[in-house]
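Quick notes on the structure that follows.
The values are calculated or read from the model by the stated rules, or taken from the named source; none is laboratory data. Please read these numbers as outputs of a predicted model, since none were measured by experiment. Cβ placement follows ideal geometry from the backbone for every residue including glycine, while neighbour counts extend to all protein chains displayed.
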Amino acid sequence: MATTKSTYDQVFDVLVEVGLEPSEITSGAVLRGDLGVDSAELVEIVNQLAPGKADGKALKSVETVADLVAFLENLA
Amino acid sequence: MTGTVITGIGLALPGASDADQLWRSVTEGRSAVRPIERFATDSYPCPNAGFLAEETERETIGTFTPRVRKRMDRFCQLALSAARSAKGDAGLAPSADADRTGVYMGNMFGGWEITEPSLRGLQQRGYTAVSPHIASAWFPTAPQGQITIGNGLTGFSKTLVADSASAALAIGYGARAVAEGRADVLLAGGAEAPVTPYTYTFCTTSGRLSPTGTYRPGDDQADGFCVGEGAVMLVLERDETARARGAVPLARLAGFAVRHVPEDEVFGPSGSSALAAVLTAALDEAGTDRVDCVALDAQGTSDADESELSAIRSVLGPVPLTTAKPVTGNLLGAAPAVDAAVALLCLRHGTIPPVAGCRHPRDADIVVSTPLETPVRTVALLARGADGTIAASVLRAI
């Protein structure tokens, strides 16, 4: 039976795809400070996971990987 | 003039990932201009340009991670690579005083390699197909920003946009800024990446490209130029700053002058008079009326070349003339930085390279076919922009 990836796993995969080091990606990692994800790259990441949902204002509250996961789950 | 010296050269150019490779290419008259392969050129009258071959790309911008490269346009990548090499050549430590180190960059077109496919995507798939990296990628000041961010620099910085004279202004005004104490060290030069369909359209409609796909400035048959992509960065600092840290200056920027004329006059007779005045002013600042060589602006048309040669004859009389631009293609806003790098190499080697592609020189002083071995202590460099900018610089051996 096929299993559905969790939102975290989907985020993890996209972060790796855009070039982040897998070992540095944790739920509590700060996107900008720990992972070097700037605002443009965050939009790129969200566009891959939820096309058309990369609202700049809403994304300002996204600071950690866990915040990003929560942001995406709230879209659903 | 200024007491500003040059202590490092960095470059990423067609056919050259370092100064030694560039010197071999220019002294051998080996041009990297060739048919454009990145896009169909059937509708463009000039199918040839200078662009980085695979090996040169691998040695320069290819050393950046894909994550770094995707954030910036090609002209930024080229600039960042050249800046890194220039810092290494000058022996600048990564910990160099960040708030006293800045960037002076010359550029003409900005960068469109990210924007073009985004605009196509916008039309075909909607706004989500637009790269978010456009926001920091396309504009002419982007290389200044990426170099300062990438190196943690917060010193006095500027970007100069003056058509094909841009980098001459970046280096000249950068030298003044260092002399005035606005910064201790500046990375100064130019970057350009015009070999994309959109940018190449504007190169074409400018009417400056050769319909025969040749670039032979000073030749009787000259009919325009071929563009090239690349970047050259120099390290500028005060003589005492350089010596205090044990650096060996390559040359001194002894004179610099700039003037603006109406754009429809810059390559004609009145532009010639203005160029003579600018060259004279630069020589005056350098305290000399003689140079050992002139690096030509080299627009590569009969009128523009004659206008330039006439100015030089009126000020200097007979003097060896050269330009490296046909070797790399004309790098537009960055072109004067290519000539500055080659002028520094002329001073180092005591050799004046020939003008590649020039077979029937309209002036006997144009160096053709083989390098001219001669003592070289002082070089004048000329640059003109179609916007009416005219600049002259004088480099002198230490």
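Some notes on this structure:
- Scan the stretch A:1-54 for residues that are closer than 15 Å to A:PHE71 by Cα, within 14 Å of another protein chain (Cβ to nearest Cβ) and in a loop (DSSP other than H, G, I, E, B) and the total you get is 6.
- Pick from the stretch B:64-93, criterion within 14 Å of another protein chain (Cβ to nearest Cβ) and charged (D, E, K, R), ranking: farthest from the chain's Cα centre (by Cα): B:ARG67
- If only residues of the stretch B:209-229 that are of a type in the set (Gly, Ala, Ser) and within 15 Å of B:ARG34 (Cα to Cα) are counted, the one that is surrounded by the fewest Cβ atoms within 10 Å (Cβ to Cβ) is B:GLY213.
- Between B:GLY213, B:GLY207, B:GLY246, the distinction of being assigned to a loop (DSSP other than H, G, I, E, B) and without any contact (Cβ under 8 Å) to a residue 40 or more places away in the chain belongs to B:GLY207 only.
- Here B:GLU59 fulfils each of the conditions (1) surrounded by fewer than 20 Cβ atoms within 10 Å (Cβ to Cβ); (2) touching a Ser or Thr at 6+ places or on another chain (Cβ under 8 Å); (3) more than 20 Å from B:ALA334 (Cβ to Cβ) apart from (3).
- Matching residues in the stretch B:308-340 - criterion: being hydroxyl-bearing (Ser, Thr, Tyr) and either touching a helix residue (DSSP H, G or I) at 6+ places or on another chain (Cβ under 7 Å) or in a loop (DSSP other than H, G, I, E, B) (or both): B:SER310, B:SER314, B:THR323, B:THR328
- Considering only residues in the stretch B:136-159 that are among the aliphatic types (A, V, I, L, M) and either outside the structural domain of B:ARG69 (by TED's automatic domain parsing) or in a loop (DSSP other than H, G, I, E, B) (or both), the one that is modelled with the highest pLDDT turns out to be B:LEU153.
- Residues of the stretch B:315-334 that turn out to be surrounded by 24 or more Cβ atoms within 10 Å (Cβ to Cβ) and touching an Asp or Glu at 6+ places or on another chain (Cβ under 8 Å), as a count: 9
- When B:LEU209, B:LEU186 are checked against the criterion of being assigned by TED's automatic domain parsing to the domain that holds B:PRO14 and closer than 30 Å to B:GLY152 by Cβ, a single residue qualifies: B:LEU186.
This table checks each residue for (1) of a type in the set (A, V, I, L, M, F, W, C); (2) more than 29 Å from B:ASP264 (Cα to Cα); (3) away from chain A (no Cβ under 14 Å).
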site: B:SER95; (1), (2), (3): no, yes, yes
site: B:THR101; (1), (2), (3): no, yes, yes
site: B:LEU122; (1), (2), (3): yes, yes, no
site: B:GLY126; (1), (2), (3): no, yes, no
site: B:ALA135; (1), (2), (3): yes, yes, no
site: B:ALA142; (1), (2), (3): yes, yes, no
site: B:VAL161; (1), (2), (3): yes, no, yes
site: B:ALA168; (1), (2), (3): yes, no, yes
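- Residues of the stretch A:1-52 satisfying the condition of being among the aromatic types (Phe, Trp, Tyr) and surrounded by fewer than 19 Cβ atoms within 10 Å (Cβ to Cβ): A:TYR8
- Condition met for B:ALA168 (within 16 Å of the chain's Cα centre (by Cα) and not in a loop (DSSP other than H, G, I, E, B)): yes
- Members of the stretch B:281-305 that are within 16 Å of B:GLY385 (Cα to Cα) and either without any contact (Cβ under 8 Å) to a residue 60 or more places away in the chain or out of contact with any Leu (no Cβ under 7 Å at 6 or more places or on another chain) (or both): B:ALA298, B:GLN299, B:GLY300, B:THR301, B:ASP303, B:ALA304, B:ASP305
Results for (1) in contact with an Asp or Glu (Cβ under 7 Å, 6 or more places away or on another chain); (2) surrounded by fewer than 23 Cβ atoms within 10 Å (Cβ to Cβ), shown as yes or no for each residue.
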position	(1), (2)
B:GLY10	yes, no
B:LEU13	no, no
B:GLN21	no, yes
B:GLU28	no, yes
B:SER31	no, no
B:ARG34	no, yes
B:THR41	no, yes
B:PRO47	no, yes
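- Subset of the stretch B:297-314 that is touching an Asp or Glu at 6+ places or on another chain (Cβ under 6 Å) and more than 21 Å from B:GLY174 (Cβ to Cβ) - its residue that is surrounded by the fewest Cβ atoms within 10 Å (Cβ to Cβ): B:LEU309
- Check on A:ALA58, surrounded by 12 or more Cβ atoms within 10 Å (Cβ to Cβ), more than 10 Å from chain B (Cβ to nearest Cβ) and in a helix (DSSP H, G or I): yes
- Residue match in the stretch B:214-228 (condition: among the aliphatic types (A, V, I, L, M) and within 15 Å of B:ALA383 (Cα to Cα)): no
- For the stretch B:62-86, a tally of residues being buried (at least 24 other Cβ atoms within 10 Å of the Cβ) and farther than 30 Å from A:LEU15 by Cβ returns 2.
- Residue-level analysis places B:ALA231 outside the set of residues that are more than 22 Å from the chain's Cα centre (by Cα) and not assigned by TED's automatic domain parsing to the domain that holds B:LEU347.
- Flag for B:ALA274 being touching a residue at least 60 places away in the same chain (Cβ under 8 Å), within 15 Å of the chain's Cα centre (by Cα) and more than 23 Å from B:THR204 (Cβ to Cβ): no
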